[in-house]
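Below: the structure, in structure tokens.
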Amino acid sequence: MARRQGDRTPLPGFEENPVGPTGREKQDFADPEPLKSHGPARIISLCNQKGGVGKTTTTINLGAALASYGRRVLAIDFDPQGALSAGLGVPTHDVTTIYDLLLSGKVDPRDAIQQTSVPGLDVIPANIDLSAAEVHLVNEVAREQILSRVLRKIAPDYDVILIDCQPSLGILTVNALTASHGVLIPLECEFFALRGVALLIETIDKVRDRLNPAIELDGILATMYDSRTLHSREVLERVVDAFGDRVLDTVVGRTVKFPDASVAGIPITEFAPEHAAAKAYLSVARELIQRGAVA
Ligand SMILES: Nc1ncnc2c1ncn2[C@@H]1O[C@H](COP(=O)(O)OP(=O)(O)OP(=O)(O)O)[C@@H](O)[C@H]1O
Ligand SMILES: [Mg+2]
């Protein structure tokens, strides 16, 4: 059929694919309204006991993205490896760390807060000392609630607190879940991704039953997605089959820009703001605001 003059619909073969990588219709999340007042924070744990799935990368870049929308963000390094602290370029030695706060109720949590190069994004660092916390906490009364008590004192100063968990389901992660309103699970798009997620969800359910009835699963974020490989697409399809709407529409692609930004000690939203990966984390931030997980 002949095209009418002035017809701006795309030519056949040039239509934009209306379906996103999750198989749902593509969405563009609106820029959020600025907040008129701040706090108290909603606390979200970035959790997956599988290593290297993008927990720390997501904490850094989601934190920076939320800060760019005017949200006051505090990121907690809750992994003795200290990757979050390093990724945000803050010192971890001769400073007050999260370990000091867990160990003594007398240390003021404000003394541990450090500013980052990103306006609106603060961090409480960790170092290898935190690996001793498991041993110390075992004999504490109400040992699962210690982080919760620490964060209660600073939650009024922030809109969102993101906790970067270590890759285990030990006492530290249970502390993080007990302190949280929500959990975001980063999931790498590779074959063994789904293994262990059932155990993680079981752990969240146990925490809900016994320690923190209000905890919600805020979402599952597919990371390291490579649209060129059938493998990535199949894994994502299975994840969506298993978890439905809990899988965020926004998917983070695989790119070497992340390791590069980590080495530079700044978020990708600052390192390469025009890169698709920076835009992906801005979209994750807008999607979480739209879903009500963040104010
Ligand atoms: N979308 C991505 N594309 C490519 N590389 C990525 C992506 N996201 C993260 N990475 C890289 O993968 C590695 C693991 O990521 P990250 O440290 O965020 O995972 P993690 O879940 O926090 O790991 P751990 O369990 O060890 O704490 C890092 O080198 C990071 O730079
Ligand atoms: Mg990590």
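Expressed to the nearest 5 percent, the antiparallel share of DSSP beta bridges inside the chain is 10 percent.
Helix 55-68 and the longest principal axis of the Cα set of the chain meet at an angle near 80°.
Dividing the summed helix terms, -39500 (n - 2.57) for each DSSP H run of n ≥ 4, by the number of residues in the chain produces a 222 nm estimate of -10000 deg cm²/dmol to the nearest 500. Projecting the Cα atoms of T58, L88, A242 onto the dipole axis of the chain, where Lys and Arg carry +1 and Asp and Glu carry -1 at the beta carbon, places A242 farthest toward the positive end. Placing +1 on each Lys and Arg Cβ and -1 on each Asp and Glu Cβ, with no other charges, gives the chain a dipole about its Cα centre of roughly 440 debye.
Equivalent-ellipsoid semi-axes (√(5λ), Cα gyration tensor) for segment 87-191, whole Å, largest first?
One finds semi-axes of 20, 20, 15 Å for segment 87-191.
On the basis of the beta-carbon distance and an R0 of 30 Å, D94 and V135 show a calculated FRET efficiency of 0.85.
Pairs of Lys residues in segment 42-290, spaced 8 or more positions apart or belonging to different chains, with C-alpha separations under 21 angstrom: 5 in total. Each peptide in 17-23, 252-258 receives the mean, over its residues, of other Cβ atoms within 10 Å, and ordering these scores from highest gives 252-258, 17-23.
The peptide list 123-134, 229-240, put in order of mean Cβ contacts within 10 Å with the highest first, becomes 123-134, 229-240.
Angle of helix 230-243 to the longest C-alpha principal axis of the chain, folded into 0 to 90 degrees and rounded to 10: 60°.
A simple charge model with +1 on the Cβ of Lys and Arg, -1 on the Cβ of Asp and Glu and nothing else charged puts the dipole of segment 110-228 at about 260 debye relative to its Cα centre.
Comparing I60, I43, I204 in a Gaussian network model of the chain, where Cα atoms under 10 Å apart are tied by springs, the biggest mean-square fluctuation is seen for I204.
Toward the positive end of the charge dipole of the chain, with +1 on the Cβ of Lys and Arg and -1 on the Cβ of Asp and Glu, the farthest Cα among P109, T22, N127 is that of T22.
Each reported figure results from applying straightforward, stated rules to the coordinates on display, with no laboratory input. Computed from a predicted model, the values in this text were never measured in an experiment. Cβ atoms come from the backbone with ideal geometry, glycine included; neighbour counts cover every protein chain shown.
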